[in-house]
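Asker: I'd like to ask some things about the structure below.
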Amino acid sequence: MLQFPIFAPMINQEDFFKKITSHAKEYGFVFPSSEIYDGLSAVYDYGQNGAELKNNIRQYWWKSMVQYHENIVGIDAAIFMHPTTWKASGHVDAFNDPLIDNKDSKKRYRADVLVEDHMAKIEGKINKEIEKAKKRFGDTFDEKQYRETNPRVLDYQQQINDISKRFYQSLENNDLDDVKKQIEELGIVCPISGSRNWTEVRQFNLMFSTKMGSTADGANEIYLRPETAQGIFANYLNVQKTGRMKLPFGIAQTGKAFRNEIVARQFIFRMREFEQMEMQFFVRPGEEMKWYEYWKQQRMQWHLSLGIPAEKYRFHDHEKLAHYANAAADIEFDFPFGFKELEGIHSRTDFDLGAHQKFSGKKLQYFDPETNESYVPYVVETSIGLDRMFLAVLSHAYTEEKLDDGSERVVLKLPPVLAPYKAAILPLMKKDGLPEKAREILAELQEDFMCHYEEKDAIGKRYRRHDAIGTPYCITIDHQSLEDNTVTIRERDTMQQERVAITDLATIIRKKIKPVK
Ligand code: ATP
């Protein structure tokens with residue numbers, strides 16, 4: 001059957017993104033939090049299908065990190081931690097974003113995002129030049145050589161380098177006056193008002209705090225964790241000792257994190273309450289770069305194993321390193337609003353364990369039986385936002401198709417292993433014993449797979465509903481099923497139907513949801 005996506009050439013990225021957010025709401029994936037009170041900025045709830053998709057992503061990550069690695073174990077630390085944790089980690093003093101307001105639109109921005117967007121625009125010009133040249137030179141085009149020799153491209157690249165060097169240097173030195181000056185000199189305007197009427201740049205701490213204790217007087221200020229990693233560091237020795245772990249080993253964790261983001265737009269990309277999936281890998285000092293490279297490749301492999309094309313991903317190596325890192329890279333994904341960070345891989349040295357050792361006065365060393373030495377291990381971290389991964393998967397899966405009979409359908413081409421339901425069980429009619437037969441099949445398959453039973457509406461309508469939530473298989477029970485114990489099974493993407501034995505269903509589904517290795 002002829003199918004082709006109809007959205008790509010016809011609508012722009014913004015409209016496409018709007019379609020995804022409204023589809024997510026309409027089909028029970030993501031709702032604005034407390035919507036009956038008009039919602040809460042940058043906070044979202046996951047609906048009946050969203051919760052399944054999110055669970056499946058979390059499980060897919062957990063399996064690959066914990067179940068498939070002998071030397072990685074998982075924990076579940078509390079959100080609240082002793083407040084000194086955040087002093088030691090540097091979050092109290094340094095977990096800031098530089099903010100700037102436009103006096104005319106009264107809109108608030110992150111100064112670093114304004115400058116990075118400006119650099120991305122120049123990068124866009126380079127890409128345009130390259131596209132043009134590619135067309136001109138055809139097969140003989142050598143992109144590397146062109147980048148290194150074309151004067152216009154070189155000039156753009158120089159501009160980016162100059163901006164980046166000065167900007168990150170100013171941030172590093174906390175020279176906020178120069179950050180503002182640079183924004184003015186670059187002629188960056190507010191996207192809403194179009195004006196350059198900016199306030200001073202200020203630092204803003206992103207941690208949420210609350211009070212612990214029953215009386216306000218005696219209450220202690222504590223923080224909602226801005227990352228899950230510190231719960232791993234604080235438990236490092238507990239796990240190492242009780243699990244008799246030997247270096248190198250990892251501790252994984254998934255859980256909520258909270259950040260009072262200055263600019264919280266773009267749906268679930270940047271939320272104030274979100275979930276992280278993090279793994280801290282403890283290694284011998286001096287071996288961290290080897291493991292850093294290893295985890296960079298491993299994590300990219302994990303993404304590709306879902307069958308999402310490689311061109312949707314790219315690495316971005318950091319020039320400006322966080323206070324704790326000696327190497328860092330992002331895995332960026334091509335979201336509907338461009339390539340943005342999806343996951344971070346950081347070589348965190350012994351910064352965190354060293355700081356906790358100092359602030360707590362407790363030794364956090366590892367005795368290495370091979371070298372007979374005690375030392376604080378180094379750490380390589382992989383940190384991915386579950387909600388961002390959800391958005392990546394959803395936006396890649398959303399497809400509008402025109403079929404050869406002239407009709408259209410919206411289908412979520414989710415990786416089958418992540419789909420909320422693996423199969424829909426659909427009796428062709430609500431009579432003649434078909435529902436009973438269908439429920440027998442449901443009871444059987446339910447043991448292993450999330451299935452959805454539906455008998456309302458014409459079969460075509462039911463197919464469309466399941467296309468829209470990404471169910472890989474629709475299983476239809478008809479009169480023949482009663483005679484010979486066969487059913488038709490319809491595949492979501494090709495819409496092809498096949499008659500198969502009921503006893504083969506579980507095997508067919510299992511094969512389908514096996515990840516690409
Ligand atoms: P960004 O530069 O986009 O603010 P970050 O570099 O501060 O992100 P990290 O501290 O490295 O992010 O956090 C690790 C991961 O957690 C990120 O790669 C991202 O997937 C996720 N994450 C961070 N902040 C948010 C947020 N506000 N909403 C959703 N996910 C987030």
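The values are calculated or read from the model by the stated rules, or taken from the named source; none is laboratory data. Treat the numbers as computed from the prediction; the structure is a model and nothing was measured. Glycine gets a Cβ as well: all are built from the backbone with ideal geometry, and neighbour counts include every protein chain shown. Calculation scope for accessible area: heavy atoms of the full protein, side chains included, ligands and nucleic acids excluded. Shrake-Rupley method; radii C 1.70, N 1.55, O 1.52, S 1.80 Å.
Asker: Just checking, which of I222, I188 is farther than 27 Å from K340 by Cα and crowded, with 16+ Cβ neighbours inside 10 Å? Don't jump to the end; show me each part of the working.
Answerer: Numbers: I188 fails: farther than 27 Å from K340 by Cα.
Result: I222 is the single residue among I222, I188 that is farther than 27 Å from K340 by Cα and crowded, with 16+ Cβ neighbours inside 10 Å.
Asker: Assuming E116 fulfils every condition listed in (1) surrounded by fewer than 16 Cβ atoms within 10 Å (Cβ to Cβ); (2) of a type outside the set (S, T, N, Q); (3) within 25 Å of E184 (Cα to Cα); (4) in contact (Cβ under 8 Å) with a residue 60 or more places away in the chain apart from one, which condition is it?
Answerer: Unmet for E116, out of (1) surrounded by fewer than 16 Cβ atoms within 10 Å (Cβ to Cβ); (2) of a type outside the set (S, T, N, Q); (3) within 25 Å of E184 (Cα to Cα); (4) in contact (Cβ under 8 Å) with a residue 60 or more places away in the chain: (4).
Asker: Let me ask something else. Can you tell me how many residues in the stretch 240-257 are open to solvent by 20 Å² or more (accessible area, probe 1.4 Å) and in contact (Cβ under 8 Å) with a residue 12 or more places away in the chain? So that I can check it myself, show each step before the final result.
Answerer: Taking the stretch 240-257 first, the residues open to solvent by 20 Å² or more (accessible area, probe 1.4 Å) are 240-248, 254, 256.
With the extra rule that they be in contact (Cβ under 8 Å) with a residue 12 or more places away in the chain, the set shrinks to 240, 243, 245-248, 254, 256.
The number of residues fulfilling the criteria is 8.
Asker: Somewhere in the stretch 90-101, is a residue surrounded by fewer than 17 Cβ atoms within 10 Å (Cβ to Cβ) and of a type in the set (G, A, S)?
Answerer: Yes, there is a match, as at least one residue in the stretch 90-101 is surrounded by fewer than 17 Cβ atoms within 10 Å (Cβ to Cβ) and of a type in the set (G, A, S).
Asker: Confirm whether K54 is open to solvent by less than 30 Å² (accessible area, probe 1.4 Å), at pLDDT 95 or above and not β-branched (V, I, T).
Answerer: Judged against the criteria, K54 is a match.
Asker: Shifting gears a bit: Working only within the stretch 331-361, note down all residues that are within 28 Å of K87 (Cβ to Cβ), of a type outside the set (V, I, T) and open to solvent by 10 Å² or more (accessible area, probe 1.4 Å).
Answerer: Residues of the stretch 331-361 that are within 28 Å of K87 (Cβ to Cβ), as a first pass: 341, 343-361.
Now drop any that are not of a type outside the set (V, I, T), which leaves 341, 343-344, 346-348, 350-361.
Within the stretch 331-361, E341, H346, D350, F351, G354, A355, H356, Q357, K358, F359, S360, G361 qualify.
Asker: Moving on to the next point. If you check I232, I251, I262, which single one turns out to be modelled with pLDDT of 95 or more and over 25 Å from N372 (Cβ atoms)? Walk me through how you get there before you give the answer.
Answerer: Working: I251 fails: over 25 Å from N372 (Cβ atoms); I262 fails: modelled with pLDDT of 95 or more.
Of I232, I251, I262, the one residue that is modelled with pLDDT of 95 or more and over 25 Å from N372 (Cβ atoms) is I232.
Asker: Please go through (1) open to solvent by 10 Å² or more (accessible area, probe 1.4 Å); (2) closer than 30 Å to D493 by Cβ; (3) aliphatic (A, V, I, L, M) for I308 and return the number of the only condition it doesn't satisfy.
Answerer: Going through the list (1) open to solvent by 10 Å² or more (accessible area, probe 1.4 Å); (2) closer than 30 Å to D493 by Cβ; (3) aliphatic (A, V, I, L, M), I308 breaks only (1).
Asker: Quick one: count up the residues across the stretch 370-411 that are open to solvent by 40 Å² or more (accessible area, probe 1.4 Å), assigned to a strand (DSSP E or B) and either among the β-branched types (V, I, T) or on the phi > 0 side of the Ramachandran plot (or both).
Answerer: 1
Asker: If I filter the stretch 192-212 down to residues being of a type in the set (D, E, K, R) and touching a residue at least 24 places away in the same chain (Cβ under 8 Å), which single residue comes out as nearest to the ligand (Cβ to nearest atom)?
Answerer: Of the stretch 192-212, the ones of a type in the set (D, E, K, R) are 196, 200, 202, 211.
So of that shortlist, the ones also touching a residue at least 24 places away in the same chain (Cβ under 8 Å) come out as 200, 202.
Numbers: E200: 22, R202: 18 Å.
Only one residue tops the list, namely R202.
Asker: Within the stretch 378-385, is there a residue that is farther than 20 Å from K246 by Cβ, away from the ligand (no atom under 16 Å from the Cβ) and assigned by TED's automatic domain parsing to the domain that holds Q297?
Answerer: No, because not a single residue in the stretch 378-385 is farther than 20 Å from K246 by Cβ, away from the ligand (no atom under 16 Å from the Cβ) and assigned by TED's automatic domain parsing to the domain that holds Q297.
Asker: Search the stretch 6-27 for residues being surrounded by 14 or more Cβ atoms within 10 Å (Cβ to Cβ) and more than 21 Å from the chain's Cα centre (by Cα), and hand back the single one that is modelled with the lowest pLDDT.
Answerer: Checking each candidate, the answer is F7.
Asker: Moving on to the next point. Name the pairs: first residue in the stretch 126-137 and surrounded by 13 or more Cβ atoms within 10 Å (Cβ to Cβ), second residue of a type in the set (F, W, Y) and in a helix (DSSP H, G or I), Cβ to Cβ under 6 Å, at least 6 apart or on different chains?
Answerer: Matching pairs, first to second residue: I126/Y156; A133/Y146.
Asker: Any residue in the stretch 310-332 that is touching a strand residue (DSSP E or B) at 6+ places or on another chain (Cβ under 6 Å) and of a type in the set (S, T, N, Q)?
Answerer: yes
Asker: Quick one: which residue in V66, V30, V73, V43 is open to solvent by 40 Å² or more (accessible area, probe 1.4 Å) and β-branched (V, I, T)? Reasoning before the result, please.
Answerer: On the way: V66 fails: open to solvent by 40 Å² or more (accessible area, probe 1.4 Å); V30 fails: open to solvent by 40 Å² or more (accessible area, probe 1.4 Å); V43 fails: open to solvent by 40 Å² or more (accessible area, probe 1.4 Å).
Testing whether each residue is open to solvent by 40 Å² or more (accessible area, probe 1.4 Å) and β-branched (V, I, T) leaves just V73.
Asker: Just to confirm my filter: which helices (runs of 4 or more DSSP H) fall fully inside the stretch 213-330 and include at least 1 residues that are within 15 Å of the ligand (Cβ to nearest atom) and of a type outside the set (D, E)? Outline the logic, then answer.
Answerer: On the way: elements: 229-234, 236-242, 288-304.
The helices (runs of 4 or more DSSP H) meeting that bar are 229-234, 288-304.
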